[in-house]
Each structure stands twice: as structure tokens, then as C-alpha cells.
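Input: a single structure, listed below in C-alpha cells.
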Amino acid sequence: MVLDNLFWVMLIGGVSLWLLVNGLFFYVTRVNQSALSRQFANWLIVIGGVVFPTTVLGGLLTYGLFIMPDQRTPGQGLTLRVRGEQWWWRVEYWPEGAESPIISANEIRLPANRRSEIVLDAARVIHSFWIPALGGKMDMFPGRETRMSLAPERAGSWRGQCAEFCGTSHAWMAFEVVAMPPDDFKRWLEAQAAPAKSPTTAAARRGARIFAREGCGACHAVRGTAARGAVGPDLTHVGSRLSLGAGTLGATLEDFETWIAHTGTVKPEWKCLSMII
């Protein structure tokens with residue numbers, strides 16, 4: 001709601017300036033083409049060129065600065081730690097009083113009508129965390145933490161994006177954002193904390209054997225298994241996420257097949273470490 005109000009206030013202010021400037025231009029070039037008196041010209045410059053733009057732009061700046069502190073307000077219990085990687089997002093959920101995080105990747109879930117604090121940093125290069133529908137941008141720096149907080153006013157889903165050029169696949173470094181009713185979010189977080197379910201079908205068991213045999217656990221973690229890698233995204237509940245490859249593909253079986261078989265094509269320069277070796 002805050003961003004919606006900001007959009008309309010900025011739009012009205014910008015349109016007002018546009019109408020004034022172009023209205024005056026139209027008046028002196030089409031309506032009254034005769035020479036203007038010196039007194040009228042002076043007042044036109046002072047009011048139209050100085051007083052009105054200064055008042056409107058000053059008011060818009062003041063309004064924008066007035067709502068910015070909301071993004072610095074401390075959270076209400078839940079803290080998320082988000083690290084920008086090349087080119088994906090490492091996400092940790094720290095409920096109040098928790099001794100260890102609930103780890104995920106490439107997706108942000110928040111309780112609606114609650115303010116959550118988000119601690120940001122980066123692994124190698126500068127990134128910028130941006131959810132246009134919920135708040136402003138916040139840069140992420142290697143070796144330095146920045147903070148913001150978000151309080152979605154209703155349940156819904158939106159797209160987030162890295163807003164700082166960070167390499168070849170910068171444009172493919174997105175993430176899904178989902179705001180959930182608090183009770184639904186609590187149940188979801190409890191489910192995320194659980195280990196991965198054991199495969200129940202022949203195809204799933206075969207996939208688990210291939211995953212272990214090919215050394216995927218050296219880079220990826222799957223809780224409840226021997227896979228403990230921390231180089232790449234945690235894959236414990238990857239099938240429950242809304243997208244794959246940091247917003248690059250959907251989450252259907254066909255998308256998984258495409259990702260595994262054509263990772264470097266789908267997302268340039270992002271390849272499984274085992275493929276490079």
C-alpha cells in the first residue's frame with residue numbers, strides 16, 4: 001500500500017510538471033504568439049520556472065524520504081539472511097530464539113501483516129536485492145551486512161530481482177516472493193525444517209542413487225541424506241519451490257530435465273562443478 005501511494009503521488013506530481021511546462025509552451029507558440037510584456041515574462045520565469053517546480057519537487061522528495069524509515073524498522077521475531085551468489089540466492093530463516101537456521105534458496109516467503117527483518121550480504125561481487133512490489137532496493141556487499149525490513153499487507157506472490165549488474169547471468173538472477181497468512185507461514189516453515197522425504201518410487205530411488213554416485217552432494221545439501229555440500233543451493237525441498245535456477249525456469253518435471261541437461265545454455269556460465277571438473 002505504501003508503494004502504491006508513492007507511485008500515485010509521484011505520478012501526479014510528474015504529470016503536473018509536464019502539463020505546466022508543455023501548457024506554457026503551447027500557450028506562447030500557438031495561443032498567444034504576440035510578444036510578451038517584460039513584466040509578464042519575468043513572472044512566468046519566476047513562478048513557472050522556479051516556484052512551481054521547486055514546490056512540487058520538494059514536496060515529492062519530502063514525501064519519499066518520509067516513508068523510507070519503514071524499511072529500517074526492526075522486524076517482529078523472524079529474521080532472514082539472504083546472500084547474493086553468482087547467480088542465485090542463499091536464504092536462511094531464523095525464527096526468534098532459533099539456534100540454527102532453516103536453509104532454502106532462490107525463494108523468499110514472508111508472513112503477511114508481520115514485519116520481517118532481512119540481513120543481506122554477498123559472496124563475491126556486489127548485488128542488489130529488490131522486490132519492486134514490496135520495497136526499495138538494497139545493495140549487497142561482500143564482507144559487509146546491510147539490513148532492511150518488509151511487511152506485506154496481504155497474502156500474494158511477486159517477483160524479486162537482482163538490480164545490480166553482477167556478471168553474465170545477472171538478468172537471470174531472480175526469485176519468487178510469497179507472502180502467506182501467519183498460520184500458513186508457520187506450518188510451511190515447520191515443513192521446511194524437516195529432512196527430505198525418502199524416495200518411494202523406483203524412478204525416485206534411481207535418481208537418488210545417481211545423485212550420490214555423480215558426487216552432487218559435494219556441492220548441494222539434502223537434509224536427511226549424506227549430501228552436505230554448501231557450494232550450491234540447498235536442494236532439500238527444491239520440488240516445493242515455485243521456480244528453478246533462480247527464477248529461470250518453472251518447477252515442472254520437464255523444467256528439471258531441461259535444467260539438468262542444458263544448465264550452461266539456459267543460464268550462461270552457471271555450470272555444475274562436477275561438469276567443469
Among the listed residues Gly23, Gly84, Gly59, Gly64, identify the single one that is touching a residue at least 40 places away in the same chain (Cβ under 8 Å) and over 23 Å from the mean Cα position of the chain (by Cα). Gly59
The conditions are (1) surrounded by 10 or more Cβ atoms within 10 Å (Cβ to Cβ); (2) assigned to a helix (DSSP H, G or I); (3) out of contact with any Gly (no Cβ under 8 Å at 6 or more places or on another chain), and Met10 fails exactly one of them. Which is it? (3)
Scanning the range 107-144 for residues that are polar (S, T, N, Q) and not in a strand (DSSP E or B) gives Asn113
Among all residue pairs at least 6 apart or on different chains, which show Cβ distances below 7 Å where the first residue, located in the range 244-262, is without any contact (Cβ under 8 Å) to a residue 24 or more places away in the chain and the second is in a strand (DSSP E or B)? Gly250/Leu244; Ala251/Leu244; Asp255/Leu244; Asp255/Leu249; Phe256/Leu244; Thr258/Leu249; Trp259/Leu244; Trp259/Leu249
Does Ser34 satisfy the condition of being outside any helix (DSSP H, G or I), modelled with pLDDT under 80, surrounded by fewer than 19 Cβ atoms within 10 Å (Cβ to Cβ) and of a type in the set (Gly, Ala, Ser)? yes
So, Leu44, is that one in contact (Cβ under 8 Å) with a residue 60 or more places away in the chain and open to solvent by less than 90 Å² (accessible area, probe 1.4 Å) or not? no
So how many residues does the range 90-143 have that are acidic (Asp, Glu) and open to solvent by 50 Å² or more (accessible area, probe 1.4 Å)? 3
Search the range 48-81 for residues being in a helix (DSSP H, G or I) and of a type in the set (S, T, N, Q), and hand back the single one that is least open to solvent (accessible area, probe 1.4 Å). Gln71
Checking Glu96 against (1) at pLDDT 90 or above; (2) farther than 20 Å from Pro233 by Cβ; (3) not in a strand (DSSP E or B): exactly one of these is not met. Which one? (1)
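The values are calculated or read from the model by the stated rules, or taken from the named source; none is laboratory data. Predicted, not measured: the structure shown is a model, and the values here were computed from it. FYI the Cβ positions are ideal-geometry reconstructions off the backbone, even for glycines, and counts take in every protein chain you see. Accessible surface areas use protein heavy atoms only, side chains included; no ligands, DNA or RNA. Shrake-Rupley method; radii C 1.70, N 1.55, O 1.52, S 1.80 Å.
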